[in-house]
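Student: Mind having a look at this structure? Questions to follow.
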């Protein structure tokens with residue numbers, strides 16, 4: 001079983017003069033390519049490969065797992081927050097947080113053989129991923145059971161919308 005791949009948030013090289021020069025050159029090259037290549041992030045979405053296998057997963061809440069010592073945030077969805085977790089002034093997902101957590105537990109299964117497609121990391125350092133549990137893709141599972149809401153701006157590259165097209169239809173604004 002593999003460890004969760006993490007993205008290094010500390011980049012001291014990029015703060016050095018050489019790193020800044022290479023970064024500026026990369027921006028210039030990227031700008032040149034952008035003027036000749038066009039693409040749509042949604043058309044770029046391909047079926048998830050779920051290439052990484054992890055174990056020892058358990059459900060934290062309706063959109064987060066804890067596996068092999070790290071947290072995984074399901075891509076493209078927001079589930080109701082457990083009591084005390086919705087900050088004042090924040091618009092949190094509607095619904096029953098306990099039912100959402102139970103739904104994700106059912107979709108995950110025993111958590112012993114979970115496959116993920118690692119997409120990146122969120123601002124809290126959690127791995128963002130498409131996750132395949134015993135009942136299929138867990139973001140799709142939660143959406144189909146109305147245990148979470150679809151968040152297009154959290155759906156990197158339209159991966160969840162491509163994996164479960166009804167998710168985008170269920171989005172109400």
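Student: Which ordering of 98, 50, 150 is given by a fewest-first count of other beta-carbon atoms within 10 Å?
Tutor: On the way: 98 13, 50 16, 150 23.
Final ranking by Cβ density, sparse to dense: 98, 50, 150.
Student: Taking 0.36 nm per intervening residue step and subtracting the Cα-Cα distance, what contour gain separates residue 122 from residue 53 on full extension? Spell out each step's value before the answer.
Tutor: Numbers: separation 69, 0.36 × 69 = 24.84 nm, distance 2.02 nm.
So the chain would gain 22.8 nm between residue 122 and residue 53.
Student: Does the stretch 52-170 come out rounded, prolate or oblate by the C-alpha gyration tensor, with a ≥ b ≥ c the root eigenvalues, rounded set by a/c under 1.5 and, if not, prolate when a/b is larger than b/c and oblate if not?
Tutor: Values: a/c = 1.31, a/b = 1.16, b/c = 1.13.
Cα axes put the stretch 52-170 in the rounded bin.
Student: Now a separate question. Which of 119, 88, 160 has the fewest other C-beta atoms within 10 Å, and how do the rest follow up to the most?
Tutor: If I rank by nearby Cβ atoms, fewest first, I get 88, 119, 160.
Student: Can you sort 141, 154 from fewest to most other Cβ atoms within 10 Å of each residue's own Cβ? Numbers along the way, then the final one.
Tutor: On the way: 141 24, 154 17.
Neighbour counts put them in this order, fewest first: 154, 141.
Student: What distance in nm separates the simple spin-label points at residue 61 and residue 106, each placed 7 Å from Cα in the Cβ direction?
Tutor: 2.1
Every read-out reported here was derived from the displayed coordinates using simple, explicitly stated rules and does not represent laboratory data. Predicted model only: the values in this text are computed from it and were never measured. Here Cβ is always computed from backbone atoms with ideal geometry, including for glycine, and neighbour counts include all displayed protein chains.
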